[in-house]
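The values are calculated or read from the model by the stated rules, or taken from the named source; none is laboratory data. Small disclaimer: the values here were computed from a predicted structure and weren't measured. Because the Cβ atoms are built from the backbone with ideal geometry, glycine has one as well, and the counts that use them run over all protein chains shown.
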C-alpha cells in the first residue's frame, strides 16, 4: 500500500464519488472530497453537479474522520487496483487534489486526470515517458516498425503514391487526413529513397508540402498519423543524430583523398559526393526555399588538395550558403542532410 498525502485541518466532513471509467481501465478510482464543516452544503452540491456533468458518476456521501489527507492511496490487488483519491473543497471556486488546484471550469481536465489515473496508475508508478509522450517500450517498438527500408524506387514518383506505398509497408495502418492524397497529387520526389527507412522517408516526403507524421497511440499500440505541420508540434524527424562517433558511422567521409573540384554546381557536387560516400543525399527543401538557395545555379570550387570528403564538402557547400550533417535513419544507416547555413 502506498499513500501520498498532505495534512488538512481536523474539522472536516467528506463526500466521495465513485468514478465510473471505461471497461478498458486498468484500475478503479474512488474520489473523496473533503470540506470545512463550516462551509455551505450548497457548495458541495455545486461541485457534485459540475463533476457529474464532466463525466464523473456514481456519487455517494460519507462522514470523514480527522485523519483524512489530500493524496492517493492504492488499494486492491495488482491485477485490480483501486486508487482512493482524497481532495479538499476550499470554496465554490477551488478544489484541491494531488494533481493540483481546480476551478469549476477545469472539471473536464480533472475528469481526464482521473481517467489517466485509472488507466495508468499514479505518476510515480508509471513507466517513464520518452519522446512524444510515449513510454520507452512504445517508442522503441515504433522506431523498430519504421526501420523497414522503403524498398521501391521513389525518384520522380508522385508523393501521394509514395506515401500510400510506404504506409502499406508498415505493421500498423498509417492514418491519413481526408483530402491529403489530392493535395499531394502532382508533387514529385526528386530523390531516390529506396534504401532509406520508412520513418525517415515519410518525414522527408511530407516535409516540403507542409505535412508531417506524428505518433498515434491507441492504447499500448502506437502507429503514425499524417497531419498538417504547425509550430511547436513534436513531429517524427527526418533522421536522427548518430549515437556513435561520426567516423564510425560513415568512415568513408573521414578518409584522406585528393579532391579537386573546379567550376561545377553545388547540386552536381552533392550528387557526386553521395555516390562517392554511397549514401543518400536528402535536401532540406524548406530551408532552401526560405533563403532562395538554388544549388543547381551556384558554382563551387575546391583547389586540388589532399583532404577528407567531410572537410571538402563543408568548404564547397559553404560557398552556396549550405551545410551538411551526417544523420542516420531508423535502421541506423547514414545519409547526408543538407540545409541552409542560416537557421530556420
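Just to be sure, is residue 144 loosely packed, with under 14 Cβ neighbours inside 10 Å and outside any strand (DSSP E or B)? It is true that residue 144 is loosely packed, with under 14 Cβ neighbours inside 10 Å and outside any strand (DSSP E or B).
Only residues that are farther than 24 Å from residue 286 by Cα and buried (at least 16 other Cβ atoms within 10 Å of the Cβ) were counted in the stretch 152-171, giving 2. A residue that is closer than 30 Å to residue 311 by Cα, assigned to a helix (DSSP H, G or I) and in contact with a helix residue (DSSP H, G or I) (Cβ under 8 Å, 6 or more places away or on another chain) cannot be found anywhere in the stretch 162-179.
Need the failing condition index for residue 273 against (1) out of contact with any strand residue (DSSP E or B) (no Cβ under 6 Å at 6 or more places or on another chain); (2) at positive phi; (3) surrounded by 13 or more Cβ atoms within 10 Å (Cβ to Cβ), just the number. Only one criterion in (1) out of contact with any strand residue (DSSP E or B) (no Cβ under 6 Å at 6 or more places or on another chain); (2) at positive phi; (3) surrounded by 13 or more Cβ atoms within 10 Å (Cβ to Cβ) is unmet by residue 273, namely (2). Across the stretch 198-213, the qualifying residues are those that are in a strand (DSSP E or B) and touching a strand residue (DSSP E or B) at 6+ places or on another chain (Cβ under 6 Å), and the one among them that is surrounded by the fewest Cβ atoms within 10 Å (Cβ to Cβ) is 211.
Annotation: residue 196 fulfils all but one of (1) modelled with pLDDT under 95; (2) more than 18 Å from residue 131 (Cα to Cα); the unmet one is (1). Whether a residue is exposed (fewer than 15 other Cβ atoms within 10 Å of the Cβ), out of contact with any strand residue (DSSP E or B) (no Cβ under 9 Å at 6 or more places or on another chain) and farther than 16 Å from residue 336 by Cα was assessed, and residue 221 passes this test. Considering only residues that are touching a helix residue (DSSP H, G or I) at 6+ places or on another chain (Cβ under 7 Å) and in a helix (DSSP H, G or I), look in the stretch 147-161 and name the one that is farthest from residue 27 (Cα to Cα). Step by step, filter the stretch 147-161, then rank; the result is 159. Only one entry of 267, 320, 331, 253 meets the criterion of being in contact with a helix residue (DSSP H, G or I) (Cβ under 8 Å, 6 or more places away or on another chain), assigned to a loop (DSSP other than H, G, I, E, B) and not assigned by TED's automatic domain parsing to the domain that holds residue 198, and that entry is 320.
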